[in-house]
Amino acid sequence: MLIMSSESSKTRKIIGIVIAIAIFVVWIFVDLYTFSSIGEALGYPMFEIVAYGSWFGVLLIMLVVLSVTGAIPSRSTE
């Protein structure tokens, strides 16, 4: 039973890492292709708010995915 839970835990970690990397790569393309039009349309100060704010949100989402799947180890309560 311990072997099954260990394999399941490793699988969850790998899936979490893959999902986080996929989110990061997709957001790079979104940033490259769509935020440039926001910069032209609304001006540079608004572009900074949208671009940096969105990256902060994406990084938080990645952190949540990694922590929920167990890729970021938590403290032991032993």
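Between Gly16, Gly53, Gly43, the GNM of the chain built on Cα springs shorter than 10 angstrom shows Gly43 fluctuating the most. The list (1) 1.36; (2) 1.21; (3) 0.95 gives values of Rg/Rh (Cα atoms, Kirkwood Rh), and only one came from this structure; which label was calculated from it? Working out Rg/Rh (Cα atoms, Kirkwood Rh) from the coordinates points to (2).
For the chain, the longest principal axis of the C-alpha atoms and the axis of helix 2-42 are separated by about 0°.
Seen against the Cα atoms of the chain and their longest principal axis, helix 44-69 is set at about 10 degrees. Overall, the accessible surface of the chain at a probe of 1.4 angstrom is composed of carbon and sulfur to the extent of 74 percent.
Accessible surface area normalised per residue over region 1-61 is 77 Å², counting heavy atoms of protein chains with a 1.4 Å rolling probe.
The values are calculated or read from the model by the stated rules, or taken from the named source; none is laboratory data. Predicted, not measured: the structure shown is a model, and the values here were computed from it. Side chains are part of the model used for accessible areas, which takes the heavy atoms of the whole protein and leaves out ligands, DNA and RNA. Shrake-Rupley method; radii C 1.70, N 1.55, O 1.52, S 1.80 Å.
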